[in-house]
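Trainee: Have a look at this one.
Rule-based calculations on the coordinates, nothing more; no lab input. Please read these numbers as outputs of a predicted model, since none were measured by experiment. Here Cβ is always computed from backbone atoms with ideal geometry, including for glycine, and neighbour counts include all displayed protein chains.
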Number of protein chains: 2
Amino acid sequence: MTDTPRNLYDKHAGTLERALAAITERGYWSAYPESPSPRVYGETAAAEGEAAFRAYLNGRFPLDQPGTDGWIATEASPFGVELAVTYPHAEAGALVEAAVAALPAWRDAGPQVRAGVCLEILARLHQHVFELANAVQFTSGQAFVMAFQAGGAHALDRALEALAYAYAEMTRHPGEAAWEKPAGKGEPLRMTKRFHVVPRGIGLVIGCNTFPTWNSYPGLFASLVTGNPVIVKPHPRAVLPLAVTVRYAREVLAEAGFDPNVVLLAPEAPGEALASTLALRPEVKIIDYTGSTAYGEWLEENARQAVVYTEKAGVNTILVDSTDDFAGMCRNIGFSLTLYSGQMCTTPQNVLVPAGGIGTDQGHKSFDEVAAGIAGAVGKLTGDAARAVELTGAIVNDGVLDRLDEVKSVGEPVLESRVVEHPAFEGAIVRTPAILKLPADAAATYGKEWFGPISFLIATDSTAESLGIFRSTVGERGAITASVYSTDEKVLDAAEAAALDVGVHLSCNLTGGVFVNQSAAFSDFHASGANPAANAALTDGAYVASRFRIVQSRRHTS
Amino acid sequence: MTDTPRNLYDKHAGTLERALAAITERGYWSAYPESPSPRVYGETAAAEGEAAFRAYLNGRFPLDQPGTDGWIATEASPFGVELAVTYPHAEAGALVEAAVAALPAWRDAGPQVRAGVCLEILARLHQHVFELANAVQFTSGQAFVMAFQAGGAHALDRALEALAYAYAEMTRHPGEAAWEKPAGKGEPLRMTKRFHVVPRGIGLVIGCNTFPTWNSYPGLFASLVTGNPVIVKPHPRAVLPLAVTVRYAREVLAEAGFDPNVVLLAPEAPGEALASTLALRPEVKIIDYTGSTAYGEWLEENARQAVVYTEKAGVNTILVDSTDDFAGMCRNIGFSLTLYSGQMCTTPQNVLVPAGGIGTDQGHKSFDEVAAGIAGAVGKLTGDAARAVELTGAIVNDGVLDRLDEVKSVGEPVLESRVVEHPAFEGAIVRTPAILKLPADAAATYGKEWFGPISFLIATDSTAESLGIFRSTVGERGAITASVYSTDEKVLDAAEAAALDVGVHLSCNLTGGVFVNQSAAFSDFHASGANPAANAALTDGAYVASRFRIVQSRRHTS
């Protein structure tokens, strides 16, 4: 039996049902195992995935797209591995034209059929999750396990989560309804009404360098399942993960009898500004973007024909007031600063600590003892090169290295960044975190994002001043994450009140195996849309509801 | 027992539950009876409502608001009745400041308490529905029954509908969830997560002249129930209906122990441009607007800090291909053109008819016979002044009279507009519909909105050409409504396909008691957001989901 679109829905209905329950419960659930262990994925999966990745290198990526006018290679691996994959290039016009032509049949297929096809795409990508993980690792600089989790399993979970929200939204109304209005003593008025889900137009997903899949999948699948063909514009330095994604998406679409141009890859030649050209096309009605504040604001200002979802820069903050587990707190913060060399949109940057020190389970700790505790935790995690690189990965691009240089002159060093030789990849650029001490009045420095392995310990008068700084920096610059350490319920309440006012998610007293920079699909919301760091949450009702419209027809019931 | 906020929720939970069911079923339901009959509302209700309305005239409107710096009167009744109600004026800054101060307690009350208070406001307004109807009649120019229905009962239904969508959206996630992630052989990771509904900020509702309540209530109640204090800026010529609304809203808020400044009236002095000042305030995060395309686009372009929902001008269109009920078709179209003198955003303007005529149950009818049939139906409805004015109401403002003058020179008259003396109100400005014949190539004329009792019968080559004109005018200029008459399923299907492509709701073969310009709350969607006439539907998930954000906190379960 071949897979028909209808079969695909039936095949995956159980997964969708479970995902629909998960988004209403917001407890723990995951559809795609996060452990790359052979016990989960089989003995050969890892090697096969790596081989599939290697087969792409130094050659043309297998993608048959309309309007191809040349082949381009723009990637340079943070691990120093030569990639040299070439991708088919096309003009914006050719891509948009192909997407527009694919729209009517994709729209008319309806929510269920589209959901089946999208779920099959996710299943296909999951079959190739090791291949994806390698592609993410060698373009983003993430260490392998993180690339497998954040770039593979968790990205798929977030895609499914967004798909579930979109499916729920599309199907909250029936496709058809009977309307019967009493008319006094006369015959009631009777009408039959049909409610069509109509896509907005063409979706454009603009990928980022650090999380090419995780940050792109929710928008990609939310737009797709609501009927919008999607053009995927990868970051020039992280094309491969999205090329792999588009390849398998097109494969599934074609197998299901749809025009594969429902999903298109738009690799960008150097200096071409293809993203901007695409973003201003009148047919493009939805844009999902992750990256710099400057470009995100440009999109919001200029792509007026589209709904624009942006995740931009922010200043993630930790408030340290007191703790009943000093060692756990230092370990936890140290891990958060070290993971992927601080190159996560969720990595803390500002750690606000009273200058007079804090109360702990080990007695009073001075500001410098707190600083030494966190620095020591980072040092322990990064002391051994072989272990260090499995946490830090590599530095994604030269901008981060420049900031590491620049930051040296802005404050007193608590921990200096070190160069680490990668034991396996000679050309890998690896750096350990830099931590600096700043006074509370150095807001000109700490009040903006220093993307990379850079954090500031800021000496405040008191927790009250810390709360004030938290409010002002997050209120003005935004944040994706915040956390607080305190043994005092009043301080926790005050931090939660401040977090509500400035609209940032708050973690309290993380001392164990949960880190502020990690959010769990189906339970934690990522970004809030309530502060300048992002204009939407990545997966919730508001993120999906405007991706389609309902158009109705009505006639008297015969 | 006094009403506490909690009691209010319990008191109205049944209504909310029924509304929540109705929005998923989209069949017939109404919470507020649309008949002003004494059998429904009691023998004294009409007289009491009128008396309450009359008591407002020639005096200060009873509204105690902060920052009042003077009293202004800006209304002039289309019925020629002297209103001379003065309203408390305040600067934008004073209003915004008061609204901002009211936010935290309103936010912290949570979805249930807010829903209870909002439902009580609706119940209170319903108690005063005759007072509201009089206020709507004498400011908008609607005849009494229409003012009672569209301005009273149906407006309340639409408010409840929007409230139900918003409540469903806010409560689709639990307020708190337990998260337990397996950790191999170790203890699972356990966290408690709290999900807070956080309003966007201050809502601004900018009312229109023709439907001051109906078009304002959905945005007002959707913003309110999601925690946003709302500033209501009425049209200078239709202040009273919204002043009455704000009065009772503030009354209920105060009774429930909230700051009444959760709802504020912002009457505008002549030339003050208060709407624009308010719209650009950084605290204003949501704007709901109904009115001209020019001002709607100005808001969209300039109020960049806010989510802006606009309903603007459009070119509503009827496709006439054939009919099995010629008399019914002419009656139905004639009624739609006559109701409220064509001053509805849903009134048809362009009637596309093949120049060679159409097939009907009465045999072939030439183009001129179709024109005569429709003109005859209008003539019959407007022949008797006393009956006519109960349908047409009065002309809302001089802009409509100017267009009635201007249109005389643009085409061949099918039916000329007549002046009607209102039997009850000497100063009422009453005009019957003008119908003109235009060739298909006169798109420069019929391709834009002529708001008022003006419609065009457009002679096309064929239904195929009619469909092309329908696609191009609605695609470029937008429409709130469209309808088609045909006995041929293929034509109905082609019209529905075209309607999907240009994103407009379609009514088919209306020949009885349902009219294209009427949409039923809880069943019909009003506007689609999929064409230039409006950037959102008035009541659906997309209309409410972005009015709040979810902000979470999490901590390990102790």
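Trainee: Considering only DSSP beta bridges where both residues belong to the protein assembly as shown, give the percentage that are antiparallel (nearest 5).
Mentor: In the protein assembly as shown, DSSP labels about 40 percent of beta bridges as antiparallel.
Trainee: Residue by residue through A:513-521, how many Cβ atoms from other chains fall within 10 Å of the Cβ on average?
Mentor: Partner Cβ neighbours, averaged per residue: 3.
Trainee: Of all DSSP beta bridges located in chain A, what percent are antiparallel, nearest 5?
Mentor: Antiparallel: roughly 40 percent of the beta bridges in chain A.
Trainee: Related question: How compact is the protein assembly as shown by the rule of thumb for globular proteins, expressed as Cα Rg over 2.2 N^0.38 Å?
Mentor: Rg over 2.2 N^0.38 Å, computed on Cα atoms: 0.99.
Trainee: Hey, another quick one. Can you tell me which of A:160-169, A:17-26, A:133-142 comes out highest on packing, and rank the rest after it, using the mean Cβ neighbours within 10 Å?
Mentor: Top to bottom by mean Cβ count within 10 Å: A:133-142, A:160-169, A:17-26.
Trainee: Roughly how tilted is helix A:45-56, in degrees to the nearest 10 and between 0 and 90, from the longest Cα axis of chain A?
Mentor: 80 degrees
Trainee: From the label point of A:Asp108, set 7 Å from Cα along Cα→Cβ, how far away are the matching label points in the other copies, in nm, ordered shortest to longest?
Mentor: In ascending order, 5.7 nm.
Trainee: Further question on the same structure: Ranked highest first by the average count of other Cβ atoms within 10 Å around their residues, in what order do A:364-371, B:119-126, A:51-58 fall?
Mentor: Most protected by this proxy first, the peptides run B:119-126, A:364-371, A:51-58.
Trainee: So the label point sits 7 Å from Cα along the Cα-to-Cβ vector; using that for B:Pro282, what distances do you get to the other copies, in nanometres, sorted shortest first?
Mentor: Going from nearest to farthest copy, the values are 3.7 nm.
Trainee: Per DSSP H run of n ≥ 4, the term is -39500 (n - 2.57); total these for the protein assembly as shown, divide by its residue number, and report the mean residue ellipticity at 222 nm rounded to 500 deg cm²/dmol.
Mentor: Using -39500 (n - 2.57) per qualifying helix, the result is -13000 deg cm²/dmol.
Trainee: What is the distance in Å between the Cα centres of segment B:162-190 and segment A:18-56?
Mentor: Cα centroid to Cα centroid, the span is 22 Å.
Trainee: Give the average, rounded to an integer, of partner chain Cβ atoms located within 10 angstrom of each Cβ in B:500-507.
Mentor: For this peptide, the per-residue mean of nearby foreign Cβ atoms is 6.
Trainee: Determine, for chain B, the count of lysine pairs separated by eight or more sequence positions (or lying on different chains) whose alpha-carbon distance falls under 23 Å.
Mentor: So the count of such lysine pairs works out to 13.
Trainee: Please find, among residues of chain B, the one with the beta carbon closest to the rotation axis relating it to chain A, distance in whole Å.
Mentor: Closest to the rotation axis on chain B: B:Ala545, 2.
Trainee: What is the average number of partner chain Cβ atoms found within 10 Å of a Cβ in A:537-543?
Mentor: Neighbouring Cβ atoms belonging to other protein chains average 5 per residue here.
Trainee: 7 Å along Cα→Cβ for the label point: how many nanometres lie between A:Gly356 and each equivalent label in the other copies, listed shortest first?
Mentor: So the distances to the same position in the other copies read 9.4 nm.
Trainee: Of the peptides A:188-198, B:278-288, how do they stack up when ordered by the mean number of other Cβ atoms within 10 Å, highest first?
Mentor: Result, highest mean Cβ count within 10 Å first: B:278-288, A:188-198.
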